[in-house]
Amino acid sequence: MELTSNLADVKARIERAAQKSGRKLEDIDLIAVTKTVDVDVIKEAVKLNLTKLGENKPQEIKRKSDILSKQDIDWHMIGHLQTNKVKYIIDKVSLIHSLDRLSLAKEIQKKANDNNLIVDVLVQVNVSGEESKFGLEPDKVVEFIKEVSKFDKIRIKGLMTMAPFYSEPEETRFVFRGLKKLSEQIEELKLDNVEMKYLSMGMTNDFEIAIEEGANMVRVGTGLFGERVYK
Ligand SMILES: *Cc1c(COP(=O)(O)O)cnc(C)c1O
């Protein structure tokens, strides 16, 4: 397992990019994306202090968090979330990165209320307009956040986006710059229950560009665990 050296490499890359934008390694949260990664490998990751883990399937968060219940892990829901799956993860996740519609906000509010919880979320934005990507169109985000700010069990902690895959990572820059701008506009509104604390943007292929443009949360899978093997 090359996890140790991969991690050292990813950290060095994060640090360089952070320095370019006047920040430090510690200012950037590394979310280790463990989709398709086996639990024994996850245990190794936790030993290396990778304790913020991202999954894109609710059932996997449920399954893995059960098996790994003794480990000190913060689970991040990073994928598209179907309304009827909220119940599987509501009491297991520390952050939902993919709030993108009102019906989902209503279900999170309801299940949070039933479980006596306050749930932290990021609003997912489709900055690039790429059809295959989930997320709100940028010009719908302010109105949406104003609406969700009335939900007393939901705390909006920032924004998330995915850039399209470009073979030249530099081409993603406009996406990340756009999300940062949007977060500044929202911050100025000073809405209840809304804080632009996190910008979750950047994956293995493009996280340096994202950090240079203001990301403070990156979601890295392949760069840590190698190519994903779907079984
Ligand atoms: C899979 C995934 C990632 C990680 O992608 P890599 O290219 O493997 O780093 C990040 N974010 C989301 C939403 C994902 O689904």
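Would you call Val119 buried (at least 21 other Cβ atoms within 10 Å of the Cβ) and over 26 Å from Thr172 (Cβ atoms)?
Taking the combined requirement at face value, the residue satisfies it.
Table: residues versus (1) among the charged types (D, E, K, R); (2) within 16 Å of the ligand (Cβ to nearest atom); (3) open to solvent by 30 Å² or more (accessible area, probe 1.4 Å); (4) over 19 Å from the mean Cα position of the chain (by Cα).
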| residue | (1), (2), (3), (4) |
| --- | --- |
| Gly135 | no, yes, no, no |
| Phe176 | no, yes, no, no |
| Ala210 | no, yes, no, no |
| Thr222 | no, yes, yes, no |
| Tyr230 | no, yes, yes, yes |
Within the range 12-31, the residues that are within 14 Å of Asn205 (Cα to Cα) and either open to solvent by 40 Å² or more (accessible area, probe 1.4 Å) or in a strand (DSSP E or B) (or both) are Arg13
Taking only the range 137-152 into account, find how many residues are touching a helix residue (DSSP H, G or I) at 6+ places or on another chain (Cβ under 8 Å), surrounded by fewer than 18 Cβ atoms within 10 Å (Cβ to Cβ) and not acidic (Asp, Glu).
2
Which numbered condition Val194 fails, given (1) at pLDDT 95 or above; (2) more than 22 Å from Trp75 (Cα to Cα)
(2)
Kindly evaluate Leu136 against the criterion of being within 22 Å of Asp206 (Cα to Cα) and of a type in the set (A, V, I, L, M, F, W, C).
yes
Just need a number here: residues in the range 1-11 that are at pLDDT 95 or above and surrounded by fewer than 16 Cβ atoms within 10 Å (Cβ to Cβ).
5
Within the range 36-55, track down each residue that is farther than 14 Å from Gly226 by Cβ, within 14 Å of the ligand (Cβ to nearest atom) and either open to solvent by 40 Å² or more (accessible area, probe 1.4 Å) or of a type in the set (Gly, Ala, Ser) (or both).
Lys52, Gly54
Select from the range 66-90 the residues that are away from the ligand (no atom under 16 Å from the Cβ), part of a helix (DSSP H, G or I) and open to solvent by less than 20 Å² (accessible area, probe 1.4 Å) and list them in ascending order.
Val86
Tell me which of these Ser167 doesn't satisfy, since it passes every other one: (1) within 15 Å of the ligand (Cβ to nearest atom); (2) open to solvent by 100 Å² or more (accessible area, probe 1.4 Å); (3) within 19 Å of Ala105 (Cα to Cα).
(3)
Suppose the filter is surrounded by fewer than 24 Cβ atoms within 10 Å (Cβ to Cβ), under 16 Å from the mean Cα position of the chain (by Cα) and either at pLDDT below 95 or within 12 Å of the ligand (Cβ to nearest atom) (or both); does Asn205 pass it?
yes
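Does Ile96 count as over 23 Å from Ala210 (Cα atoms), of a type in the set (A, V, I, L, M) and either in a strand (DSSP E or B) or modelled with pLDDT of 95 or more (or both)?
Details: over 23 Å from Ala210 (Cα atoms): no; of a type in the set (A, V, I, L, M): yes; either in a strand (DSSP E or B) or modelled with pLDDT of 95 or more (or both): yes.
For Ile96, the condition - over 23 Å from Ala210 (Cα atoms), of a type in the set (A, V, I, L, M) and either in a strand (DSSP E or B) or modelled with pLDDT of 95 or more (or both) - is not met.
The values are calculated or read from the model by the stated rules, or taken from the named source; none is laboratory data. Being a predicted model, the structure only gives us computed values, none of them experimental. Quick reminder, even Gly has a Cβ in these numbers, built from the backbone with ideal geometry, and neighbours come from all protein chains shown. With ligands, DNA and RNA removed, areas are computed over all heavy atoms of the protein, side chains included. Shrake-Rupley method; radii C 1.70, N 1.55, O 1.52, S 1.80 Å.
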